[in-house]
Amino acid sequence: MSLPRLRTNILALSAVQAGNFLVPLLALPYLTRTLGSEGYGQVVWVQTVMLFGAIWVDFGFGWSATRDISANRHDAARVALVFASTWAVQWLLAAIFVTGILLAAFVGMVTRPWPYVAGLGIVLGQVLLPLWLFQGLEALRSVAAIQLLGKLLTLPLVFAWVQESNDQIGALLFFSASSVLVGLLSLGLIWRRSLVQWVRPSATGMWQVFRQAALLFSSRALISTYTTLIPLAVGWWAGTTQLAYFNLADRLKSAVQALLVPISQALFPRMSWLFHNDRAAALLLVRKTAWGVGVLSSLAGLVLWSGAEQLMVLLGGADFAKGATVLHWLAFVPLVVASSSLMGGQIMLPLGMNRPFTLILGLASVLCLLGLYPMVSQEGAVGAAQLVLLVECVVTGAMALYLGRAWRRVCKE
């Protein structure tokens, strides 16, 4: 992939992330004010459960399938086989998750089952959108436009379906509809442009893609332990109001991180190729990226820190002013995450350091589990934010220590 194409892909993905930020920015103040902190917290709770489903159906294919398709992009038969096998496995994983949710909802494990049913579209949309295919084929500009268009088209639904504080199901249907529409539009693009041949998946091919993604899924699962489990703990031990504070502050933090995601997504296939073909160019690109990402995330962190209360009130209303302290603790998390993402996703994984990468994330997960109850039960959303910062610092520090010891070997090979 040439540098001009790399820049184009980054810009395209940046447009998507801008849309992902701006569209919720238009809907979020309406949702928080209409539903109230408690009602909005209940919506966030169901969304968090569905995030586990999204991680489950992704199953590490965002790394494994992307690398496989990118390496064989000129072999149409191989790409078709990887696509068919991976997509079939994803549908099986989705069926397992949906069955589990329906059983939990209707055998009395939850008091209100229909919000969970309404949120299932979030997971189904994840399967309908094979983003790993577009990444591997470097067809990111088209899918970027589709993602942005889908969110804009569904935006009016939030105002039609959410009109009072008990319309949590309408809010969840809005998020589901947005996810499903984007997925359907992406399938239309695949068919219209003949991006891949449609072949019947085989049991052997499905097992191969499943096995290849298994270790990377463990890494994804470990990451989700301290990103998705924390808000669940806040809702469970501190209540939905505290969850609403944490979620809004986390959304602002995530908006900054989302600005950096396009760089990681577009850079990963490039770094994987360079580290195996031009080590010097790979190291040079790492240094340039580190400077740019570091400056951008630092400036964004300063904005979040200095304007924490104003931002919380602007998006959530006066009731959310109490959540400013939460945002103070989360303000510089994007800087720490950007550092670990660069070291882990753009150096360790392309170099095949899967085992130390997974071990470091395992260490972070253990730390998260040990600190979850004492910090969240005592300090609520603030304790959760402190835990997020602590865990991310440990991950970044451990990766820096490992690469520091291995750097000479990396540069010489």
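Taken as a whole, the structure leaves Q212 outside the set of residues that are closer than 28 Å to T48 by Cβ, at pLDDT below 90, assigned to a helix (DSSP H, G or I) and out of contact with any strand residue (DSSP E or B) (no Cβ under 9 Å at 6 or more places or on another chain). Do we find that E392 is modelled with pLDDT of 90 or more and either closer than 19 Å to N247 by Cβ or surrounded by 18 or more Cβ atoms within 10 Å (Cβ to Cβ) (or both) in this structure? Yes. Criterion applied to V337, V326 was being farther than 27 Å from S70 by Cα and of a type in the set (A, V, I, L, M, F, W, C), and the one residue passing it is V326. Just to check your reading of the model, which residue among T289, T325, T358 is hydroxyl-bearing (S, T, Y), farther than 30 Å from L274 by Cα and surrounded by fewer than 21 Cβ atoms within 10 Å (Cβ to Cβ)? That would be T325, the only listed residue that is hydroxyl-bearing (S, T, Y), farther than 30 Å from L274 by Cα and surrounded by fewer than 21 Cβ atoms within 10 Å (Cβ to Cβ). Being on the phi < 0 side of the Ramachandran plot and modelled with pLDDT of 85 or more is the requirement here; does V16 meet it? So V16 fails the test. Applying the criterion of at least 1 residues that are over 20 Å from the mean Cα position of the chain (by Cα) and not hydroxyl-bearing (S, T, Y) to the helices (runs of 4 or more DSSP H) found wholly in the range 106-155 leaves 114-118, 131-137. Restricting the first member to the range 296-315 and to residues that are in the same structural domain as A249 (by TED's automatic domain parsing) and among the charged types (D, E, K, R), and the second to residues that are buried (at least 20 other Cβ atoms within 10 Å of the Cβ) and in a helix (DSSP H, G or I), the beta-carbon pairs closer than 9 Å and six or more apart or on different chains are E309/G323; E309/L327. Taken together, A144, A160, A171, A177 contain a single residue that is outside the structural domain of V366 (by TED's automatic domain parsing) and either of a type in the set (V, I, T) or more than 25 Å from T34 (Cα to Cα) (or both), which is A144. Which pairs turn up if I take residues in the range 46-71 that are under 27 Å from V234 (Cβ atoms) and hydroxyl-bearing (S, T, Y) and look for partners that are modelled with pLDDT of 80 or more and in a helix (DSSP H, G or I) with beta carbon separation below 8 Å, at least 6 apart in sequence or on another chain? Cβ pairs passing all conditions: T48/P231; T48/G235. Restricting attention to the range 90-112, does a residue exist that is at pLDDT below 85, touching a helix residue (DSSP H, G or I) at 6+ places or on another chain (Cβ under 7 Å), of a type in the set (S, T, Y) and surrounded by fewer than 18 Cβ atoms within 10 Å (Cβ to Cβ)? Checking the range 90-112: not a single residue is at pLDDT below 85, touching a helix residue (DSSP H, G or I) at 6+ places or on another chain (Cβ under 7 Å), of a type in the set (S, T, Y) and surrounded by fewer than 18 Cβ atoms within 10 Å (Cβ to Cβ). Please work out if E379 is buried (at least 21 other Cβ atoms within 10 Å of the Cβ), assigned to a helix (DSSP H, G or I) and of a type in the set (D, E, K, R). When the stated conditions are applied, E379 does not pass them.
The values are calculated or read from the model by the stated rules, or taken from the named source; none is laboratory data. No experiment lies behind these values; they were computed from the predicted model shown. Don't worry about glycine lacking a Cβ; one is built from the backbone with ideal geometry, like all the others, and counts go over all protein chains shown.
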